[in-house]
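These notes concern the structure reproduced below.
The values are calculated or read from the model by the stated rules, or taken from the named source; none is laboratory data. All figures in this text were calculated on a predicted structure; none of them were measured in a lab. Ideal geometry is used to build each Cβ from the backbone, glycine not excepted, and the neighbour counts take in all protein chains shown. All accessible areas refer to the heavy atoms of the entire protein, side chains included, with ligands and DNA or RNA removed. Shrake-Rupley method; radii C 1.70, N 1.55, O 1.52, S 1.80 Å.
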Amino acid sequence: MRRDRAHPPIRHYIRAVTSPSPLPDPRVRPTVTPGSGGLVDRHGRTATDLRVSLTDRCNLRCTYCMPPEGLQWLPKVEQLTDDEVVRLVRIGVEHLGIREVRFTGGEPLLRPGLPGIVAATTALRPRPEVSLTTNAIGLSRMAPALAAAGLDRINVSLDTLDRERFKQITHRDRLPDVLAGMAAARDAGLTPVKVNAVLMRGINEDDAVPLLEYCLEHGYELRFIEQMPLDAHHAWTRGEMVTAEDILARLTATHTLTPDVEERGAAPAERWLVDDTGLTVGVIASVTRSFCGACDRTRLTADGQIRNCLFAREESDLRTALRSGADDAELADRWRIATLSKLPGHGIDDPSFLQPSRPMSAIGG
Ligand code: SAM
Ligand code: SF4
């Protein structure tokens, strides 16, 4: 395990988290029975939902995620190859009880081997549910191949329907590509198409209702995500954040929202039925109504590090072990041990909270 330093400069975060890791912490070893069981932490939670980041690169520069000039990308040699990704996902599914796999990034559509990775994942048994989180640029071309590879569904990020504002938020003039990509995903059967929106004070708060109406009209499921302190440039402040309460106040000014009675389980979104449409809108209140107690997620970064939480300040290096010849059983044990130390909550409200040095784009949201 490694510990991140407090607020290292952006340019140095990659080096801080990719140096070879020592063997797992011997203090936690005795509490894992080698070779058995799933990904259970000390607080009784079991991780069955794996988020896999396929690249830290991106073709947008969303202001809450990346600085306009981009970041120092991972060197290719440090990234897992397609075969290495598939091997670790297979170990997760066959040995560790992973039931859902979500590919993300950075922008996962930039990964040339994506359809092959998806096909190899959907061929695993027991077959996991496989989804993708994307900014949808290039999706209008890729959607049929992804559907043919067995992909089940898509989450698309979209924060505004105004072309100028989209340019302001992402530093790229690509709104038409995103809208076309969403339609192509729906037409290819990658449904439900879920739309993730982040609202920022004074920038796109008034997009809440237009986004909802656009999604209702096109049959997409909209979810607002509270902005989290995971931006590369550490500009997030609690006071500036648009809260779940703010979002609901805007939506209920024009629409009737009724709490969805369907069991929420470990799903991060609280959902409401909208008017009498039968469709829902969700709010992922990661900051103000944290759902850490029900968390069932584990994360694999593009350079082969296991993170047991988005906000973890420690990672476990599977890549070095994998490239040194570790067998499946050893890799599974390392993953189990990495899970044990998952903290009970993200601690954003704690005065001692420190933002992880990896930004969201390099963790995989
Ligand atoms: N590039 C893809 C995309 O944008 O969908 C996948 C990676 S992106 C990091 C995954 C999700 O994280 C997106 O829905 C994005 O809006 C969200 N995200 C990024 N930075 C965030 C932040 N600081 N707070 C909340 N959500 C964030
Ligand atoms: Fe790229 Fe997604 Fe981050 Fe936007 S949120 S900069 S699309 S990784």
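Structural remarks
- Remark on segment 121-165: Rg and Dmax equal 13.5, 46 Å (Cα only).
- Isolated Cys residues of the chain, judged by Cβ distance under 4.7 Å to other cysteines: Cys58, Cys215, Cys292, Cys295, Cys309
- Note on segment 35-363: with charges restricted to the Cβ of Lys and Arg (+1) and Asp and Glu (-1), its dipole about the Cα centre is near 740 debye.
- Column: log10 I(q)/I(0), Debye, Cα scatterers of segment 296-346, q = 0.19, 0.20 Å⁻¹: -0.59, -0.64
- Less than 5 angstrom separates the built amide H of Phe224 from those of Ala197, Gly282, Val283, Ile284, all sequence-distant by 5 or more or on a different chain.
- Sequence-ordered 3J(HN,Hα) estimates for segment 279-285 from the Karplus curve with 6.51, -1.76 and 1.60 and θ = phi - 60° stand at 9, 10, 10, x, 10, 9, 8 Hz, glycine and proline given as x.
- Between the residues Phe224, Ser357, Asn204, the greatest Cα displacement towards the positive end of the dipole of the chain, with unit charges on the Cβ of Lys, Arg, Asp and Glu, is found for Ser357.
- Residues of segment 196-220 with amide N under 13 Å of a point placed 7 Å along Cα→Cβ from Thr277: 208-220
- Surface composition of the chain: carbon plus sulfur atoms contribute 53% of the solvent-accessible area (1.4 Å probe, protein chains only, all chains present).
- Within-15-Å neighbourhood charge of Asp349 [Cβ basis; K, R +1; D, E -1]: 0
- Relative to the dominant Cα principal axis of the chain, helix 175-187 is inclined by about 80°.
- Helix 82-96 vs. the chain, principal-axis angle (Cα, 0 to 90°, nearest 10): 80 degrees
- Taking every protein chain into account, the accessible area of the chain amounts to 41 square angstrom per residue (probe 1.4 Å).
- Rg and Dmax of segment 161-300, based on Cα coordinates, read 15.4, 42 Å.
- Angle of helix 328-340 to the longest C-alpha principal axis of the chain, folded into 0 to 90 degrees and rounded to 10: 60°.
- When the alpha-carbon atoms of the chain are used, the pair Rg, Dmax equals 19.7, 59 angstrom.
- ³J(HN,Hα), Karplus 6.51/-1.76/1.60, whole Hz, each residue of segment 188-196, x for Gly, Pro: 7, x, 7, 10, x, 6, 9, 10, 9
- Gaussian network model of the chain, Cα within-10 Å springs - most flexible of Arg313, Arg201, Arg153: Arg201
- Backbone phi angles across segment 47-55, fed through the Karplus curve with coefficients 6.51, -1.76 and 1.60 (θ = phi - 60°), yield HN-Hα couplings of 8, 10, 10, 9, 9, 10, 8, 9, 6 Hz in residue order; Gly and Pro are listed as x.
- The Cβ shell under 11 Å around Leu151 holds other residues with a net charge of 0, Lys and Arg each +1, Asp and Glu each -1.
- Candidates Ala232, Ala338, Ala269, ranked by Gaussian network fluctuation over the chain, Cα under 10 Å, top entry: Ala269
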